[in-house]
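Visitor: Okay, here's the structure, questions in a sec.
The values are calculated or read from the model by the stated rules, or taken from the named source; none is laboratory data. What you see is a predicted model, and the numbers here were worked out from it, not measured in a lab. So basically every Cβ, Gly included, is an ideal-geometry build from the backbone, and we count neighbours across all protein chains shown. The area values use the complete protein model at the heavy-atom level, side chains included, leaving out ligands, DNA and RNA. Shrake-Rupley method; radii C 1.70, N 1.55, O 1.52, S 1.80 Å.
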Amino acid sequence: MVGIREIAKNAGVSISTVSYALNGSSKVTEETRDRILAIAKELHYTPNIAGRTLKKQKTNIIGMYVTDFGGEFYSHMIDGVASVLKQHHYELIVGTGGGRSRSFISQRFVDGAIILDANFTDDLIHNYADDGSKLVVMDREMKNKNVRHVLLDNAEGARQAIAALNDAKVDHFVLVTGPTDSFDSRIRLQAAIKQVEQMTGKTILVIPSDFTIAGGHRAARSIIEMSLHNIGIFALNDEMAIGLYEEFTANQVIVGQDVKIIGFDNDMLGQYLRPQLTTVDYSKHHWGEVAAETLIDLLEGTKVDNQFIHTQVIHRGSLGENEQQ
């Protein structure tokens with residue numbers, strides 16, 4: 001790999017002059033800078049990030065860590081993060097699934113990080129933060145001077161979902177949960193149970209699942225076996241709601257009439273179901289934007305509080321809305 005020694009040799013100048021030119025210093029003339037930059041480009045020079053980090057203590061790169069890259073959920077969120085970082089002259093790298101990319105935080109290859117990955121333990125995040133790293137978490141609450149959480153208001157979304165089911169005049173409430181290690185699922189479930197108890201006092205059935213379409217299929221089979229009538233189902237994410245639809249349809253159970261369903265996330269596929277899926281909506285892009293803005297404030301030493309992203313119910317047809325009109 002070409003280094004600044006080779007550039008200096010080709011340009012006939014000192015190594016320090018090349019360093020000044022590459023870093024935009026006023027210690028060299030514009031003519032000298034342009035000539036050195038042209039030679040660097042010709043030699044395909046790439047700056048040594050590790051070396052520059054040691055010298056400047058800044059890379060202008062932010063790391064984002066997610067569980068996986070599946071579905072539209074992450075694409076909108078990552079785009080929101082990247083759009084804000086670009087305005088502040090930061091670049092974004094996104095990693096998933098391993099310790100090597102996480103070491104970018106401890107080795108200061110990134111200036112800060114945004115974390116939406118249950119595989120990060122709280123202890124690990126605290127260790128990074130205690131060592132001075134600035135972090136934003138999107139999947140848990142944490143108290144650390146170098147950490148802020150930017151969370152979806154899961155509790156409010158769950159309360160809105162139960163209120164919508166109650167307005168649909170269901171007799172039984174079924175809650176289809178996500179994975180046990182999911183912060184979102186845990187908060188939604190707790191808030192939903194409390195809301196049912198406070199609003200109605202009616203029967204609550206909880207079916208453990210896993211946020212997948214296949215999990216929705218399994219939950220639907222369990223519900224069919226119960227032989228209950230006028231059931232209202234809160235699927236704690238839209239993927240499971242899609243699985244519920246598919247299994248109910250295969251068993252001649254009519255969504256919006258025999259069972260009423262509300263999801264969470266406003267997945268685009270919900271609009272192509274029949275009837276269209278009523279769901280709890282929020283802006284994934286905005287969530288990413290707020291996470292990035294919060295991290296920028298942390299890095300710049302600006303006082304910034306923890307943030308929550310608001311939700312709302314999008315009514316379509318799966319609660320029987322069309323029949324009620």
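Visitor: Limited to the stretch 33-47, what total is found for residues that are in a helix (DSSP H, G or I) and either buried (at least 16 other Cβ atoms within 10 Å of the Cβ) or aliphatic (A, V, I, L, M) (or both)?
Guide: As a first pass, look at the stretch 33-47 and keep what is in a helix (DSSP H, G or I): 33-42.
Checking the rest, the ones that are also either buried (at least 16 other Cβ atoms within 10 Å of the Cβ) or aliphatic (A, V, I, L, M) (or both) come to 33, 35-40.
Qualifying residue count for the region: 7.
Visitor: Report yes if some residue within the stretch 81-104 is of a type in the set (Lys, Arg), exposed (fewer than 13 other Cβ atoms within 10 Å of the Cβ) and at pLDDT below 75; otherwise report no. Talk me through it step by step, then tell me what you get.
Guide: Within the stretch 81-104, the first condition is being of a type in the set (Lys, Arg), and the residues that meet it are 86, 100, 102.
With the extra rule that they be exposed (fewer than 13 other Cβ atoms within 10 Å of the Cβ), the set shrinks to 86, 100.
After this cut, where a residue has to be at pLDDT below 75 as well, the list is none.
No, because not a single residue in the stretch 81-104 is of a type in the set (Lys, Arg), exposed (fewer than 13 other Cβ atoms within 10 Å of the Cβ) and at pLDDT below 75.
Visitor: Considering only the stretch 17-32, state which residues are within 22 Å of Thr59 (Cβ to Cβ) and surrounded by 13 or more Cβ atoms within 10 Å (Cβ to Cβ).
Guide: The first filter runs over the stretch 17-32 and keeps only residues within 22 Å of Thr59 (Cβ to Cβ), leaving 18-25.
Result: Val18, Ser19, Tyr20, Ala21, Leu22, Asn23.
Visitor: It is to be established whether one or more residues within the stretch 50-60 are assigned to a helix (DSSP H, G or I), open to solvent by 30 Å² or more (accessible area, probe 1.4 Å), modelled with pLDDT of 85 or more and out of contact with any helix residue (DSSP H, G or I) (no Cβ under 7 Å at 6 or more places or on another chain).
Guide: Kept after step one, since they are assigned to a helix (DSSP H, G or I), are these residues of the stretch 50-60: 50-56.
Pick out the ones that are also open to solvent by 30 Å² or more (accessible area, probe 1.4 Å) and you get 50-52, 54-56.
Among the residues that remain, those that are also modelled with pLDDT of 85 or more are: none.
Looking through the stretch 50-60, none of the residues is assigned to a helix (DSSP H, G or I), open to solvent by 30 Å² or more (accessible area, probe 1.4 Å), modelled with pLDDT of 85 or more and out of contact with any helix residue (DSSP H, G or I) (no Cβ under 7 Å at 6 or more places or on another chain).
Visitor: Could you list all residues from the stretch 110-138 that are surrounded by 18 or more Cβ atoms within 10 Å (Cβ to Cβ) and part of a loop (DSSP other than H, G, I, E, B)? Show your work before the answer.
Guide: The initial filter retains those residues of the stretch 110-138 that are surrounded by 18 or more Cβ atoms within 10 Å (Cβ to Cβ), namely 110-117, 120, 125, 128-129, 133-138.
Across the stretch 110-138, the qualifying residues are Val110, Asp111, Asp117, Phe120, Ser133, Met138.
Visitor: Take the residues in the stretch 149-201 that are outside any helix (DSSP H, G or I) and β-branched (Val, Ile, Thr); name whichever of them is surrounded by the fewest Cβ atoms within 10 Å (Cβ to Cβ).
Guide: Initial filter on the stretch 149-201 (outside any helix (DSSP H, G or I)): 149-153, 168-182, 200-201.
From the residues that got through so far, the ones that are β-branched (Val, Ile, Thr) too are 150, 170, 174, 176-177, 180, 200.
Numbers: Val150: 24, Val170: 21, Val174: 24, Val176: 31, Thr177: 24, Thr180: 9, Thr200: 16.
Going through the qualifying residues, I end up with Thr180.
Visitor: Still on this structure, please answer the following. Which residue is farthest from Ala155 (Cα to Cα), if the candidates are limited to the stretch 230-244 and must be of a type in the set (A, V, I, L, M, F, W, C) and in a strand (DSSP E or B)?
Guide: Residues of the stretch 230-244 of a type in the set (A, V, I, L, M, F, W, C): 231, 233-236, 240-242, 244.
Then drop every residue that is not in a strand (DSSP E or B), which leaves 231, 233-235.
On the way: Ile231: 22, Ile233: 17, Phe234: 13, Ala235: 14 Å.
Result: Ile231.
Visitor: Here is a follow-up. Would you pick out the residues in the stretch 63-109 that are among the polar types (S, T, N, Q) and either in a loop (DSSP other than H, G, I, E, B) or in contact with a strand residue (DSSP E or B) (Cβ under 8 Å, 6 or more places away or on another chain) (or both)? It would help to see each step written out before you state the result.
Guide: Of all residues in the stretch 63-109, those among the polar types (S, T, N, Q) come to 67, 75, 83, 87, 96, 101, 103, 106-107.
Of everything in the stretch 63-109, those that are among the polar types (S, T, N, Q) and either in a loop (DSSP other than H, G, I, E, B) or in contact with a strand residue (DSSP E or B) (Cβ under 8 Å, 6 or more places away or on another chain) (or both) turn out to be Thr67, Thr96, Ser101, Gln107.
Visitor: Another question, then. Six or more apart or on different chains, Cβ atoms under 6 Å: show the pairs whose first residue is in the stretch 260-284 and of a type in the set (Lys, Arg) and whose second is outside any helix (DSSP H, G or I).
Guide: Lys260/Ala168; Lys260/Val170; Lys260/Gly232; Lys260/Leu319; Lys260/Gly320
Visitor: Being in contact with a Gly (Cβ under 9 Å, 6 or more places away or on another chain) and open to solvent by 10 Å² or more (accessible area, probe 1.4 Å) is the filter here; which residues of the stretch 249-258 pass it?
Guide: Quick first cut of the stretch 249-258, residues in contact with a Gly (Cβ under 9 Å, 6 or more places away or on another chain) only: 255-257.
Result: Val255, Gln257.
Visitor: Inside the stretch 202-229, can you point out the residues that are open to solvent by 70 Å² or more (accessible area, probe 1.4 Å), closer than 29 Å to Phe73 by Cα and assigned to a helix (DSSP H, G or I)?
Guide: Within the stretch 202-229, Arg218, Arg221 qualify.
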